[in-house]
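The values are calculated or read from the model by the stated rules, or taken from the named source; none is laboratory data. None of the values given here were measured: they were computed from a predicted structure. In this analysis, Cβ positions are derived from the backbone assuming ideal geometry, glycine residues included, and neighbour counts consider all displayed protein chains. Keep in mind that these areas ignore ligands, DNA and RNA; they rest on the heavy atoms of the full protein, side chains included. Shrake-Rupley method; radii C 1.70, N 1.55, O 1.52, S 1.80 Å.
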Amino acid sequence: MTHSKPVALILAAGKGTRMRSALPKVLHLVAGRSMIERVLDTAMAAGLEHPHVVVGFGHEQVRARMDGAGWQVQWVHQIDQRGTGDAVRAARGHLGERAGTVVVLSGDVPLLTPASLTGFLAQHRSSGAAASLVTVRVDDPAQYGRIVRERPGGPLSRIVEARDADPVDKRIDEINAGLYAFDGPTLFRYVDRLGANNAKNEYYLTDVFGMMVADGVVVNPVAMAPAAEFLGINSRVELAQAEAVVRERKVRALMEAGVTVHDPRTTYVDDEVVVGADTVLFPGVSLYGKTVVGERCEVRSGTVVRDSVLHDGVVVRECSLLDQAVVGEATQVGPFAHLRPGARLGRDVRVGNFVEVKNATLGDRTKASHLSYLGDAALGADVNIGAGTITCNYDGFHKNRTVIGDGVFVGSDSILVAPVELGDRSFVAASSVVTRDVPAGALAIARERQVNKEGYREILENKHADSCPICKAGGGGKT
Ligand code: UD1
Ligand code: CA
């Protein structure tokens, strides 16, 4: 079967020794998304077809994670990781008979953009070469393969891996980015001829270029920029560099779309997060996962929001934590508020300091301004929750629900022992322990009645003076 569109072959079998991790390298996250998924995203966005992914080290983990995320890719198993050339060879059974272009991508080069990939493919196509590769100039060529040319700016003669390079070649600052396009049959003919006589005793894919050039096969090096896009991630240090690049890209895109970001360096926003125009992000804000923030919101310092929806005009004050919460228009949250999964706040709601909300809905204009726990509850509109109110939702066995109607007033320091229901417009006297339903419009008082003992201080002081030897001797007074 032939394919008109280029096929993607992604190399992701390596252990990633330099990561020093039990997790396969390509599963490490860059700004919330695994490297392998980033590479696949880019490949798909650039119109590549039939993604083939070579896996080896930790292949069960990689496959499980990717299957779980709904990816449909052709898995290629490289049993022993004997180098990038060997990885391509492992794909022969799947791709070897196919005519057409095979685009080889490294699973550990996650910052590549679809625009650059598309540009590279266009150059490969128009060049008519059997093989193209991306080269980049870098300040520190470090561990990258060096591009050796016949003369400066002249045709490519070969690629030398850093570990095999002599001091002269080591100084070359044009490196191999690890992104290639090949005529499929030519590629497989050459990977068959690779040897492993080198510093790592591996089959280097990069050796095919020197062999092709020697045979007079047309090879097309494509110089591209910026270098940051072709950063290969082999260590945690490079992982942090990649993270910084993605973060900067994202925050820049937000600013260009009309979001004010007070301090881009300390603002962490995952790729998939959406933020509306005229929203202000204060220093030290983190927005993670699938969070959506509306227009004209304010998210203040120290706040972390994960997988939550904030409608327009929401203010989240300092140091609040929101996780899988929904916050209605113009609602104000925090400082120091904790919205846990299933917290759903209506419009114009107030959730103040040290208030925790879990699996609970709060109707429009409802207020819980201080020191409360509202869990497994449904609160209507215009409810006032006094400071220190707590829903006792857990009896040691089951989670029970508290239902509070519209316009209810709950006095401070009340304990609502679920399951319990407070009818519309009812009242709960301060410091009540409510164990039974309260009818609509009623006042529940569920605490000891206050008793005042008149003259108590006098009685106490006289009693003391009568029995105290020091006071009797006139040597002391009240203590
Ligand atoms: C490779 C290139 C180097 C280039 C750099 C760009 C080779 C020999 N060297 O070096 O010229 O400058 O990428 O980032 O290709 N892999 C397998 N099976 C294996 C070995 C590796 O699938 O047996 C995969 C890895 O998982 C990784 C990719 O191939 O995703 C690259 O391998 P890596 O070991 O990181 O190569 P580098 O040393 O970075
Ligand atoms: Ca690498």
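On average, how much accessible surface per residue is there in the chain, in Å², for a 1.4 Å probe, leaving out ligands, DNA and RNA?
For the chain, the solvent-accessible area averages 48 Å² per residue.
Excluding same-chain residues fewer than 8 positions from residue 290, which aspartates and glutamates have a Cα within less than 12 Å of its Cα?
Straight-distance partners of residue 290: 270, 271, 272, 307, 323.
In straight Cα distance, which lysines are under 29 Å from residue 463, not counting same-chain residues fewer than 8 positions off?
Straight-line reach from residue 463, under 29 Å: 453, 472, 478.
Given the DSSP H assignment, sum -39500 (n - 2.57) over each helix run of at least 4 residues in the chain and divide by its residue total; what's the result at 222 nm in deg cm²/dmol, nearest 500?
So the calculated ellipticity at 222 nm is -6000 deg cm²/dmol.
Using a Cα-Cα cut-off of under 29 Å, which lysines could be cross-linked to residue 200, ignoring same-chain neighbours fewer than 8 residues away?
15, 25, 170
Rounded, prolate or oblate: which fits the range 134-204 when a ≥ b ≥ c are the square roots of the eigenvalues of the alpha-carbon gyration tensor, with rounded for a/c under 1.5 and prolate only if a/b beats b/c?
Judged from the Cα gyration tensor, the range 134-204 comes out oblate (a/c at least 1.5, b/c at or above a/b).
How much of the DSSP bridge set in the chain is antiparallel, in percent, rounded to the nearest 5?
The antiparallel proportion sits near 20 percent.
FRET efficiency for residue 63 and residue 33, Cβ-Cβ distance as r, R0 = 30 Å, nearest 0.05?
Computed FRET efficiency for residue 63 and residue 33: 0.95.
So which cysteines of the chain have no other cysteine's Cβ under 4.7 Å from theirs?
297, 319, 392
Using Cα-Cα distances under 8 Å and only pairs 6 or more residues apart, what relative contact order does the chain have, in percent?
In percent, rounded to a whole number, it is 8.
Suppose each label sits 7 Å from its Cα in the direction of the beta carbon; what would the residue 399-residue 248 distance come out to in nanometres?
Using points 7 Å along Cα→Cβ, the separation is 4.3 nm.
Would you give the gap between the C-alpha center of the range 252-270 and the C-alpha center of the range 349-415, rounded to a whole Å?
Taking the Cα centre of each part, the range 252-270 and the range 349-415 sit 34 Å apart.
For a quick check of your reading of the filter: which chymotrypsin sites (Phe, Trp or Tyr not before Pro) in the range 386-479 sit in a DSSP loop and have no more than 13 other Cβ atoms within 10 Å?
397
What do you reckon, how do 200, 472 stack up by accessible area (1.4 Å probe), largest on top?
Of 200, 472, the descending order of accessible area is 472, 200.
Looking at the range 106-186, which trypsin sites (Lys or Arg not before Pro) are in a loop (DSSP not H, G, I, E or B) and have at most 10 other Cβ atoms within 10 Å?
Counting only loop positions with at most 10 other Cβ atoms within 10 Å, the trypsin sites (Lys or Arg not before Pro) in the range 106-186 are 171.
Taking only C-alpha pairs under 8 Å that are 6+ residues apart, what is the relative contact order of the range 247-389 in percent?
Relative CO of the range 247-389 lands at 12 percent.
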